[in-house]
Amino acid sequence: MALLEIRDLHKNFGAVAAVAGVTLSVEQGSLHAIIGPNGAGKTTFFNCITGEVAPTRGHVLFDGRDITGSPPHRLPALGISRSFQRTSIFPRLSVAENVWVSAYGTHPLAAGAMLRHADTIPGLDERIRDALHEVGLERHAGRLADELSHGDQRLLDFAIALAASPRLLLLDEPTAGLSRSDTQMVIELVERLKGRYTLVLIEHKMDMVMRVSDRISVMYFGRLLAEGSPEAIRGDLRVREAYLGRRA
Amino acid sequence: MARITRRGFAATAAVATGAAVTGFPYVVRAAEEAAILGLWDFTGAYADVGPLMDVGAQVALEQVDYRAGDVKLRYVTRDGETKAGAATRRAEEAIASEKVGYIIGPWSSGVGLAVSEVAKNNKVMHWFSGGTEDISGKRCHRYGFQWAANPWTAMDAVLYAFRQQNANARRLYLFVADYAFGWSLEKYVGNLAPKYGMEVIGADRHPLGQREFSSYILKAAAKNPDAVFMINFGLDAVSAARQLHSFGLIPKVPLIMSWSAGVEELIQLAPEIRSNVIVGTNYYYTADNPVSKAFVEAYRKKDKQGNPPGYAPAAAYSLAHMTIEAIKRAGTANVQKAIQSIEGAEVEGLVGTIKVQASNHQSIRPYFVLKTKTPKESQGPLDFGTIIHTSSTPQPKELNECADIGKL
Amino acid sequence: MRRDRYSFLLLAVLAIVAPLVLRPVIAAEILIFAIVAVANNIILGYTGLLSFGQATFFGVGAYISGLMIVHWDAPLWLILPTAVAANVLLAGVIGYLCVQRIGLYFIMLTFAFNQMFYFIAYSWTTLTGGEDGLPGVQRPEWLRDDLAFYTFVAVLALICLALMKRIVDSPWGRLFQAVRDNPDRAAATGHNVRLIKLTSFVVAGAFTGFAGAVYALLYGIVPVDAIYWLRSGDIVFMTLIGGSGNFFGPVIGAVFFIWLSETVSLFWNRWPMILGIVFALVVLFLRGGIVEVLARIAGVMRRRRDAG
Amino acid sequence: MTFLIVSQIINGVVTGMLYALMGVGLTLILGVLNIPNFAHGVLYAFGAYFMLAVTQLIGGFWLGVLIAPFGVVALGMLIEYFGVRQLYAAHHDYQLLFLFAVALILQEAIILIWGPVGTSILPPEHLAGAVNLGVTIYPKYRLAVMVITAAIVIALWLFLTRTNVGAIVRAGIENRGMVEVLGIDVQKVFLLTFGIGAWLAGIAGSLATPIMGLTPSMGFDILPITFVVVVIAGLGSVVGAILAGILIGLAQSLTTIWFPEAAQVVIYLLMGLTIILRPQGLFGKR
C-alpha cells in the first residue's frame, strides 16, 4: 500500500518549470530514494511535499489524505517528519531540549500542559530518551547543541525528526557536507532506520543510494526520467546518459 | 580574602547608611538655608532654551549674592528633558537629595503642570512661566505660582495694539498650535476680536513641532485675510513666519505673533521676514524699569554672543527673583511662610509692578506688544522693534477656573 | 531552579532595601521599568524579535489607567485587569500584522505602529491632553503615601517577574527559544511559528501595558512621552545593557539605565551622548550586557579561589 | 477650492520628493546591507548643518548644496567603516542598535557644535519670493527643489541602471549572495552603498534648509516618516520608495485642507492600510 502519493505535481517559478509533472508513490515501509543531477528539481519537489513551497498544480496525498499546500507545521501531527540538508538544530538549546521541541510538537497533551514547567510534562522524557538513544547521543543530553561536533549535530537533526514519532521520514541529502567518517555514521543510521519507518531520501551520492534504497526515482529537468529497483536504475541507459551527459 | 570582604561589607554598609540619610524624604532641613531647583530643559524639544534659562536664574541669584535677607540660597539644576516623566522624577530626586524647597521652571506647559503636581504633593513652592492658564486656573493650588501674563490679558493687549496700528483690518486668520494652551488663546481671540471690530475668518490647528506650514499657508491665503494671527511658539512660529514670507503673504499682510519668545524667535528670522509683524511677548529687553536695565546688562555679559535676553532667560530670572522676594519677605526658609508672604504682594520686578493675586496665584503684570522695525529703521541686528503697548488688564474673574486655591 | 529561587530572594531583599536608599517614587519607577525590560526580553532575548515599539503598550496602559481614574474614579482592581486586557487585544492586533513579516520588516513595523499611536495620542487632545499630558490621575486613598505606593509596586513587580519566569519556563518559553534559534526547524517539528511569535508579543505587551497602568499612578500624570518611540529605544537599551541572555539581566539593565541617566545628567547637559556611547560600546564589545561582566568576574573569582 | 487643491498637490509633491530622497537612501542601505539605518535621520540633519557651515564659512547657497552632502558621505562612510562593518558577523539587530546609538550621539554632537537654538538659511536671492502659476502663487525655491530632486532621482536611476557600479548595487538588493559569487568585494559595495545613501540624506537635508529650517532634532523628526516610506514602498524597491514618498507628501498636504489635525496621523494610517491590504508593500516582492 502506498503511504505517500504524488500526482502530477507541477511547480513553476515564473517561466521556469522546476517540477513538471511528477507522479510517484512511496510504499509503506520502503526506502524510496529520489536522485538526479544538480538542478534536476529534487529540492523543489521535496519542498512541495513538506509544504514549504505551494505546488502550482497537482496533488500530494499522505495515507490517502490530500495534504497539498498544508503548511510545514501541520505535517508532524499527521506523521510526517523531516531532516534538513544543512544541519538544522536549535543551537542555544541543550541537546535534550532540542529533541523536546519536536516531541512536544506532536504530544497529545500539547494544549493542556501549556503552563507547566517545560521539563515536567509527563510522557515526554521517554520519547526524548528513545530518540537520543536511537542516534547515540544520550550522553550529550545536557550539552548545548552548539557545542556538538558537526557529525553529532547531524545526528541531533535526525533525533529531532525521530522524536516526532513519524510514519514517514523525509531525508534531504543527509550526508551533504559531512566528512567521510561522519558520512559512514549517517549511512549506518539510515540502514538501522530502514524497515521501521517509511523513508524518502533525496541524494545525489549514487553509491549510498544504491546501497540503501528499495526503490529509486530519477529526476531530470523537473521530470521523472526513470523509476525502479537499484539494479534496474544502474542498468538504465537514459539515467547513465543524463549523468554522463552532464559530466561531459 | 576574608578581611577584604569584611572591609567591603563595612564600606557598603556605610554608603548605604549615608545614602539612606541623604535620600530619606523626611529629613529636617538645615537651618536657614533655602535650596532652589532650576528645572531647565537641557535636552528634548526645548533644549534650546534650557541653557539660557540657567543663565537668567544665575543672574538673579548673583545680584543678591545668594542671600535672601538672612537666608542663604543654594541653587541646583536638573535636566527636565522636556519630558514630564523625567522632569517629575528629577524634581522628586532633587527634593530628596538636595532638600529643595523651591522649584522654578521648566519651560514647557505640559511638563510644568506635571511638576506642579510634584510640588503640591511635596509641599514645595513652584514658580512657573509658561503659557498654560491651568497653573492659575483649573489646576491651581497653594504651592503653584504663575509669573507669565494670563493669556486673556495677553490676547486683549495684542488685539488692542493691532487695532491701533491697522485701523482697517477686520479679518483674522489663525494658526493655532494644537494643545491646551493654543486652544485657550484661540478661544480668547474669538471672544475678544469683536470687541475691537474684528472677526476670525478661519483657524487651522497644527501639531506642536510642525515644520512644514505650506499647506496651512495656502489655505490661509485662499481666504484673503487682513492679518495672519499666530498662536504658536518657538520654532513653530519661526518656521511658519519664514514660510509665510516665502509664499509672499507677509510682509504684504501683517503678521501677529501673539505669544512670542521675543528675542529668541526674532533673532532666527531674517530682517526682511520680520518687517511687518506685531509681537506680543511676556518680556522685551527695552522694558523701561531699573530691574530690567540691570538684568539686561548683567545678562549680556554672561551670554556667549552678548545677545539681549528674551522671554526664556527673563522668565528664569524673574522666577528666581520672585522666589527670592518671597523668602526675603518671610525672613525665613520656611516654604509655607514664604508663600504667605508673597500672596497678594506687589513686587517691583523685571516687567514692572507684579501683583501676585492671592485667590489664584496669577501674577497681574504688564504684557508687551512690539511693532517690528523694517530693515531700514533698524539700528542694528538686535534692534528688533519698539514697544507700542503694554497692558496688565486682569482676566475677568468669571473666566478664571481656579475654584479653590486650597490649603497649605 | 534553585538558583532562580535565590535570585528572587535577592530581588526581594533589594526591593526592601531600595526605599531606604532611594526616594520611594524613584525606586517604584525603577521597578516599573524592570517589569517592562523583562517583558521586552521575552520578545528580544527569548523569541529573538527586536521590537522598537514597546512604548505603544506602555503608553496605552498608562492612558487607560489614567482615563479610568480621571473620568470614572475606577478602582484599581478594575483598572489593572482592564489595562492588561486592552493590551492583550492591542498587542494581538499589532502583533498579528507584524509577525507576518520577519527580521527588519518586523522591526520597522513595530516602530511605525508606535509612531502611529504616538500621533493618535498626541492629536486626540480632548482624550489624552496631547502635549500637556493627562493630569489629575489620583492614587486611591490607601496608596497616597509614597512608601505605601512603593510597597504596592514592589509586590506587583515581584508577582509580575514570577509570572514571567513561569511563562519562560513553560513549554511556551521553550518554544519561544526554539523559534529564536531556528524558525524553520520549529515549524518542521510541528509548531506554528507565527502563533508562537504572536504569543510572545502578546505576553510582553500585556506586562508592558500593566507596567504602564501602574506608571500612570506614579506622578499623577500621563505624559505624552510615555508613548513616544524614543522610550521604546530606552526599553531596548535597558534590556540589552543588562543582558538579554538572562532572565534577570534586564532588571539590572533598568536599574543601570535610570541610575546612569540620573547621575550623568547631573554633571553634563549633553548626557544623552554618554548614554549613546555606552550603548554603542555595549553593542560593539559587550553583547551579553552587565550580566556577562558579572559572570566573568564571578568566573575569575571562582578560578582564583580554586587556585588558592 | 480648486486652486487650493491644485496648490496642495504641488506642495505635496515637493515635500514628497524630499521624503522620496530619504526613502531611496534608506532603501538602498536596507536592500544591500540589510540594516534599517536608524542614523539616517541624523545624516539628514548633518546635511542641513554642513550646509549651514559652508554658507557661513565660505558663502554661496549652491556651493553649500554641492559640498555639504559630501561631508555627510564622509560621515556615513566613517560610521560604516568603524561601526557597522565591525558588526557584520553579529546579528543585524546589533547593527541597527549601533546605528540607533550613533544617532543619539550625533544629535547631541549637533547641539555641542552648533548650539541648541535652531536657525534658518534663506533661499538664494534669485529664488526668493513666490511666482504666480495662474492657479496659485507658489514659492520659487520650492519649485526649484521639485526640479532638482526630480533631476537627482533621474540621475540616480541612470546610475543604477546604466553603470557597472549601479548594476552591482542593484544586484546587491536583489540577491546579496550573487554579489559574493561574482567575486566582487562585498565590503566595498557596502561602503559605497552606505555612502550613496548618506549622500541622498545629505542632499535632502541641505535642500530642505530654507523650507524647514535647522534644529538639532530635525533628524529624529524625519526618521519615522522615512521608515513609513520604505514600509509602504516595499522592502528594497527604489521606484516604490520614490512613489511612496510622493504619496505620503500628497496625503499629508491634502489632509490639511479638510482635517489639519490629522496631517501627521494620516501617513501612519496609510501605512497601516498598506500592511493590511498588501503586507509586502506596494512595490515589494519579498
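The values are calculated or read from the model by the stated rules, or taken from the named source; none is laboratory data. What you are looking at is a predicted structure, and each value in this text was computed from that prediction instead of being measured. Using ideal geometry, Cβ is built from the backbone for each residue, glycine included, and neighbour counts are taken over all protein chains shown. The area values use the complete protein model at the heavy-atom level, side chains included, leaving out ligands, DNA and RNA. Shrake-Rupley method; radii C 1.70, N 1.55, O 1.52, S 1.80 Å.
Things to note:
- Qualifying residue in the stretch C:241-252 (condition: among the small types (G, A, S), farther than 30 Å from B:K120 by Cα and more than 17 Å from the chain's Cα centre (by Cα)): no
- Helices (runs of 4 or more DSSP H) within the stretch C:61-128 that include 3 or more residues within 13 Å of another protein chain (Cβ to nearest Cβ) and over 30 Å from C:P183 (Cβ atoms): C:103-123, C:125-128
- Strands (runs of 3 or more DSSP E) enclosed by the stretch A:1-94 - at least 1 residues per element that are open to solvent by 60 Å² or more (accessible area, probe 1.4 Å): A:2-13, A:16-27, A:57-62
- Leading residue by the ranking (surrounded by the fewest Cβ atoms within 10 Å (Cβ to Cβ)) among those in the stretch C:21-48 that are within 14 Å of chain B (Cβ to nearest Cβ) and outside any helix (DSSP H, G or I): C:R23
- The single condition among (1) away from chain D (no Cβ under 12 Å); (2) assigned to a helix (DSSP H, G or I) that B:V253 does not meet is (2).
- Some residue of the stretch B:152-162 being within 14 Å of another protein chain (Cβ to nearest Cβ) and either touching a helix residue (DSSP H, G or I) at 6+ places or on another chain (Cβ under 9 Å) or open to solvent by less than 10 Å² (accessible area, probe 1.4 Å) (or both): no
- Top-ranked residue of the stretch A:26-60 - restricted to ones that are of a type in the set (V, I, T), touching a helix residue (DSSP H, G or I) at 6+ places or on another chain (Cβ under 6 Å) and farther than 19 Å from A:P76 by Cα, ranked as modelled with the highest pLDDT: A:I34
- The residue that is farthest from the other protein chains (Cβ to nearest Cβ), counting only those in the stretch C:195-218 that are open to solvent by less than 10 Å² (accessible area, probe 1.4 Å) and of a type in the set (S, T, Y), is C:T208.
- The combined condition, being more than 20 Å from B:I135 (Cβ to Cβ), open to solvent by 30 Å² or more (accessible area, probe 1.4 Å) and either under 19 Å from the mean Cα position of the chain (by Cα) or not assigned by TED's automatic domain parsing to the domain that holds B:D134 (or both), is fulfilled by B:V55.
Yes/no per residue for (1) closer than 21 Å to A:E27 by Cβ; (2) away from every other protein chain (no Cβ under 14 Å); (3) surrounded by 20 or more Cβ atoms within 10 Å (Cβ to Cβ):
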position: A:A163; (1), (2), (3): no, no, yes
position: A:D172; (1), (2), (3): yes, no, yes
position: A:A176; (1), (2), (3): no, yes, no
position: A:T183; (1), (2), (3): no, yes, no
position: A:G195; (1), (2), (3): yes, yes, no
position: A:L199; (1), (2), (3): yes, yes, yes
position: A:I202; (1), (2), (3): yes, yes, yes
position: A:D207; (1), (2), (3): no, yes, no
position: A:M210; (1), (2), (3): yes, yes, no
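- Residue within the stretch D:173-183 that is without any contact (Cβ under 8 Å) to a residue 60 or more places away in the chain, surrounded by fewer than 19 Cβ atoms within 10 Å (Cβ to Cβ), on the phi > 0 side of the Ramachandran plot and away from chain C (no Cβ under 14 Å) present: yes
- Residue match in the stretch D:17-40 (condition: open to solvent by 10 Å² or more (accessible area, probe 1.4 Å) and at pLDDT 90 or above): yes
- Test: residue in the stretch B:370-384 that is assigned to a loop (DSSP other than H, G, I, E, B), under 21 Å from the mean Cα position of the chain (by Cα) and at pLDDT below 95: yes
- Residue that is farthest from D:A262 (Cα to Cα), among those in the stretch B:170-186 that are more than 14 Å from chain C (Cβ to nearest Cβ) and open to solvent by 10 Å² or more (accessible area, probe 1.4 Å): B:R170
- Entry remark, the stretch D:100-136: residues being open to solvent by 60 Å² or more (accessible area, probe 1.4 Å) and within 7 Å of another protein chain (Cβ to nearest Cβ) number 2 in total.
- B:A221 vs. criteria open to solvent by 10 Å² or more (accessible area, probe 1.4 Å) and assigned to a helix (DSSP H, G or I): yes
- One residue alone among B:K138, B:K120, B:K99 is within 28 Å of B:A338 (Cβ to Cβ), surrounded by fewer than 24 Cβ atoms within 10 Å (Cβ to Cβ), in contact with a His (Cβ under 6 Å, 6 or more places away or on another chain) and within 14 Å of another protein chain (Cβ to nearest Cβ), and that residue is B:K120.
- Number of the exception - D:A144 against (1) without any contact (Cβ under 8 Å) to a residue 60 or more places away in the chain; (2) open to solvent by 40 Å² or more (accessible area, probe 1.4 Å); (3) farther than 24 Å from D:H92 by Cβ: (2)
- Enumeration of residues in the stretch D:230-248 that are in contact with a Phe, Trp or Tyr (Cβ under 7 Å, 6 or more places away or on another chain), open to solvent by less than 10 Å² (accessible area, probe 1.4 Å) and either assigned to a helix (DSSP H, G or I) or charged (D, E, K, R) (or both): D:A233, D:G240, D:G245, D:I248
- Qualifying residue in the stretch D:249-263 (condition: closer than 28 Å to B:R211 by Cα, more than 14 Å from chain C (Cβ to nearest Cβ), under 14 Å from the mean Cα position of the chain (by Cα) and part of a helix (DSSP H, G or I)): yes
- Residues in the stretch B:256-279 that are within 20 Å of B:A314 (Cβ to Cβ), in a loop (DSSP other than H, G, I, E, B) and open to solvent by less than 10 Å² (accessible area, probe 1.4 Å): B:A261, B:G262, B:L269.
- Taken over the stretch C:246-264, residues that are open to solvent by 10 Å² or more (accessible area, probe 1.4 Å) and within 27 Å of D:I79 (Cβ to Cβ) amount to 4.
- Selected residue (only one of B:A294, B:A320, B:A312 is in a helix (DSSP H, G or I), hydrophobic (A, V, I, L, M, F, W, C), open to solvent by 10 Å² or more (accessible area, probe 1.4 Å) and not assigned by TED's automatic domain parsing to the domain that holds B:N166): B:A294
- Selection from the stretch B:353-380 of residues that are open to solvent by 40 Å² or more (accessible area, probe 1.4 Å) and either free of Cβ contacts under 8 Å to residues at least 60 places away in the same chain or in contact with a helix residue (DSSP H, G or I) (Cβ under 8 Å, 6 or more places away or on another chain) (or both): B:T353, B:K355, B:A358, B:S359, B:K371, B:K376, B:E377, B:Q379
- Scanning the stretch D:264-286 for residues that are open to solvent by 20 Å² or more (accessible area, probe 1.4 Å) and under 24 Å from D:V32 (Cβ atoms), we see that the one that is nearest to the other protein chains (Cβ to nearest Cβ) is D:P279.
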